[in-house]
Amino acid sequence: PARRFKRTNFFFTTIQLVFFVVGLCHYQACIWFLIGSVTDPSNLTEGWALAEGKSNVTFGSAEFSETYVLSMYWSVVTVTGTGYGDYVGNTLYERIYCMIVMITGGFMISIIIGNMGHLIRSADKTLKFKGIKEEVVEYLHSRGVSQGLVANVVRFYDLKFPNKIFFDEESILNSLPKGLSDKIKIQCYSDVLAKSALFHGCNDATIADMSARLTTVYLSIGDVLVRQGQDAEQGIYFVRHGTLQGSYNGTVITQYTEGNPVGVLSTLGLTCEGIRYIETIVAVEECELMQITRAEFVSMIRDHQDLEYSMDVLL
């Protein structure tokens, strides 16, 4: 699912930085060798490779390997700002190139520091999440809570915070202007609505409007979403993650998985019980649902003819 993130990108980002640095130094070393293989025509000063008799090396030979290592050594020493001074620019071309490499090295170090700082901050947030989760687990164990219930709590945290960073989604969305909040909801929820048969005949504008009206609900294993005979003003739920079961008079009759709507007929009053839920809906695993109240859904039908037509075809 689009919402799921990698546990950490620390390793991969570090590898990318290493390849970036090595690649940059390699190309700079090659250019350094080429510039060192020519003579400055203004004062006939030989480049460093000419002066050491290494300008005509054969690829694959021991002398070639030694020359490459010397060039890489100069590149690393220069780009990192170490500057031992054992290999310096003799010609005008070499000195100009040295200045370019030093400036490039400054930018490179800034990029590395920035990336590593970001990685460390991300790792710190992940460790904070792990610490809080461990504290909750320790509390539950100290209270004698069963291992099964503890496992449910852990799975809930993993579902709600898949990127291992704590955040208050409701507070974040409420702190934003309604226009921005709605756009975020559209990007977060529209993929699930598009999978639902209820919206197969609807245009993008309808799905966008629907997404903006949704709120998120989380359930743990065994939680009851609605009960048989309960007033259906809570409206319709769409399963984003997890599985629910619906039972009528104690007998399981339906199962709801990702993309399925829950409570459509009851919300519209198209059952023998009127505007009441006709089954008890229970979570059989950790679930993330998206809810729209009955009043909002009725408003959607009134405002969007394509939704009304889609429902007529489906029902």
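Can you pull out every residue in the stretch 263-315 that is β-branched (Val, Ile, Thr) and either assigned to a helix (DSSP H, G or I) or open to solvent by 20 Å² or more (accessible area, probe 1.4 Å) (or both)?
VAL264, THR267, THR271, ILE275, ILE278, THR280, VAL282, VAL284, THR293, VAL298, ILE301, VAL313
Identify, from the list GLY235, GLY222, GLY250, the residue that is on the phi > 0 side of the Ramachandran plot, at pLDDT 90 or above and over 27 Å from the mean Cα position of the chain (by Cα).
Every option except GLY235 fails the conditions.
State all residues of the stretch 59-87 that are free of Cβ contacts under 8 Å to residues at least 12 places away in the same chain and outside any helix (DSSP H, G or I); if no residue qualifies, say none.
Passing the criteria: PHE59, GLY60, SER61, THR82, GLY83, TYR84, GLY85, ASP86.
Pairs needed: first member in the stretch 248-272, over 16 Å from GLN291 (Cβ atoms) and without any contact (Cβ under 8 Å) to a residue 24 or more places away in the chain; second member anywhere, among the polar types (S, T, N, Q) and in a loop (DSSP other than H, G, I, E, B); C-beta distance under 6 Å; at least 6 residues apart or different chains.
THR257/THR243
Give all pairs with beta carbons closer than 7 Å in which a residue from the stretch 176-194 that is of a type in the set (Asp, Glu) meets a residue that is part of a helix (DSSP H, G or I); count only pairs at least 6 apart in sequence or on separate chains.
ASP182/ALA212
Looking only at the stretch 24-46, count every residue that is farther than 13 Å from GLY89 by Cα and either at pLDDT below 85 or touching a strand residue (DSSP E or B) at 6+ places or on another chain (Cβ under 8 Å) (or both) and tell me the total.
4
May I ask you to say which residue of THR216, THR206 is over 20 Å from ALA283 (Cβ atoms), of a type in the set (Val, Ile, Thr) and either in contact (Cβ under 8 Å) with a residue 60 or more places away in the chain or in contact with a Phe, Trp or Tyr (Cβ under 6 Å, 6 or more places away or on another chain) (or both)?
THR206
Picking from GLY105, GLY114, which residue would you name as being assigned to a helix (DSSP H, G or I) and either hydrophobic (A, V, I, L, M, F, W, C) or modelled with pLDDT of 85 or more (or both)?
Going through GLY105, GLY114 in turn, the sole match is GLY105.
Does the stretch 10-47 hold any residues that are in contact (Cβ under 8 Å) with a residue 12 or more places away in the chain, in a helix (DSSP H, G or I) and small (Gly, Ala, Ser), and which are they?
ALA29, GLY36
If we keep just the residues of the stretch 47-67 that are surrounded by 17 or more Cβ atoms within 10 Å (Cβ to Cβ) and modelled with pLDDT of 80 or more, which is nearest to LEU92 (Cα to Cα)?
GLY47
Mind checking whether some residue in the stretch 295-312 is among the aromatic types (Phe, Trp, Tyr), in contact with a Gly (Cβ under 8 Å, 6 or more places away or on another chain) and at pLDDT below 85?
For the stretch 295-312, residues among the aromatic types (Phe, Trp, Tyr), in contact with a Gly (Cβ under 8 Å, 6 or more places away or on another chain) and at pLDDT below 85: present.
For the structure I just gave you, tell me whether ASN90 is within 21 Å of ILE15 (Cα to Cα), modelled with pLDDT under 85 and surrounded by 15 or more Cβ atoms within 10 Å (Cβ to Cβ).
It is false that ASN90 is within 21 Å of ILE15 (Cα to Cα), modelled with pLDDT under 85 and surrounded by 15 or more Cβ atoms within 10 Å (Cβ to Cβ).
The values are calculated or read from the model by the stated rules, or taken from the named source; none is laboratory data. Note that the coordinates shown come from a computational prediction; the quantities given were computed from them, not determined experimentally. Cβ: placed from backbone, ideal geometry, glycine included. Neighbour counts: every protein chain shown. Note: accessible area is taken over every heavy atom of the protein model, side chains too, but ligands, DNA and RNA are not part of it. Shrake-Rupley method; radii C 1.70, N 1.55, O 1.52, S 1.80 Å.
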